[in-house]
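Here the structure comes first, spelled out in structure tokens, and everything after it is commentary.
The values are calculated or read from the model by the stated rules, or taken from the named source; none is laboratory data. It should be emphasised that the depicted structure is a prediction, and the values quoted were computed from it without experimental measurement. Neighbour counts are summed over all protein chains in view; Cβ atoms, including those assigned to glycine, are modelled from backbone coordinates with ideal geometry. Note: areas computed on protein heavy atoms with side chains; ligands, DNA, RNA excluded. Shrake-Rupley method; radii C 1.70, N 1.55, O 1.52, S 1.80 Å.
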Amino acid sequence: MLPLTTYHNLQVFLVVMAVIGMSFALFFLQRYMGFTPCPLCIFQRIGLIVMGVFALMAALFRPKSMAVRLVLWLGSLVGIGWSTVVAGRHVWLQHLPADQVPSCGPGLDYWLDTLPILQVFKEVFAGSGECAAIDWTFMGLSIPEQSLILFSLLLVVHGLVLWRIVRPIASK
């Protein structure tokens, strides 16, 4: 029986978590509940997709080279690290006092059409009133708080993946 923490099994776990996270966001929150994702939510999804793509490549191709494994791990880590930072910023915005919440501005589509990409990033991270709104909670946690917990768990899994890259299981 294979241990659950082999390199391959951890990569499959990351892929499954990316699919579950994206499915929850798209099918439940967006389609069923009718929520429109704010710019910070979209940026979190992008990071989760990046993590899932790199983990999928690692799971499908099963690289033997430590260098290739490290490159795939780093790409996956950058994706989930990005999502974690954005979720942290989102949670921070939601906990600001009402008088300190940035005002709502034009949408992400407008920014992408009219501003240079670096300015778009600056505007998104500045946040807006729509990002500070708490539309739904589960067990007392807002959507960004739930996301931050998931992304933090996935960062821990990335630590296990790195451990498996540098200290593989001895073959029997």
*Is there a residue being free of Cβ contacts under 8 Å to residues at least 24 places away in the same chain and basic (K, R) anywhere in region 48-65?*
yes
*Residues being within 13 Å of L40 (Cα to Cα) and either touching a helix residue (DSSP H, G or I) at 6+ places or on another chain (Cβ under 8 Å) or open to solvent by less than 40 Å² (accessible area, probe 1.4 Å) (or both): count how many of those fall in region 85-103.*
8
*Considering region 110-130 alone, what residues qualify as being farther than 17 Å from Q44 by Cβ, at pLDDT below 75 and open to solvent by 60 Å² or more (accessible area, probe 1.4 Å)?*
Y110
*Within region 1-47, track down each residue that is touching a residue at least 60 places away in the same chain (Cβ under 8 Å) and either open to solvent by 70 Å² or more (accessible area, probe 1.4 Å) or among the hydrophobic types (A, V, I, L, M, F, W, C) (or both).*
L10, F13, L14, M17, L29, M33, F35, C38, L40, C41, I42, F43
*If you take the residues in region 65-84 that are closer than 18 Å to T6 by Cα and in contact with a Leu (Cβ under 7 Å, 6 or more places away or on another chain), which one is surrounded by the fewest Cβ atoms within 10 Å (Cβ to Cβ)?*
W73
_Of the conditions (1) of a type in the set (A, V, I, L, M, F, W, C); (2) modelled with pLDDT of 95 or more; (3) within 18 Å of L155 (Cα to Cα), L4 satisfies every one except a single condition; which number is it?_
(2)
*Of the conditions (1) in a helix (DSSP H, G or I); (2) under 17 Å from A25 (Cα atoms); (3) of a type in the set (A, V, I, L, M), I134 clears all except one; give me its number.*
(1)
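Looking at region 48-59, which of its residues are buried (at least 21 other Cβ atoms within 10 Å of the Cβ) and within 14 Å of the chain's Cα centre (by Cα)?
Within region 48-59, the first condition is being buried (at least 21 other Cβ atoms within 10 Å of the Cβ), and the residues that meet it are 48, 51-52, 54-55, 58.
Selection gives L48, M51, G52, F54, A55.
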*Taking R62, is it open to solvent by 50 Å² or more (accessible area, probe 1.4 Å), of a type outside the set (V, I, T) and touching a His at 6+ places or on another chain (Cβ under 9 Å)?*
yes
*Matching residues in region 55-99 - criterion: being of a type in the set (F, W, Y) and at pLDDT 95 or above*: F61, W73, W82
*Residue check, S171 open to solvent by 40 Å² or more (accessible area, probe 1.4 Å) and either modelled with pLDDT of 95 or more or over 22 Å from the mean Cα position of the chain (by Cα) (or both)*: yes
*What number of residues within region 132-167 satisfy the criterion of being farther than 23 Å from I42 by Cβ, surrounded by 13 or more Cβ atoms within 10 Å (Cβ to Cβ) and in contact (Cβ under 8 Å) with a residue 24 or more places away in the chain?*
6
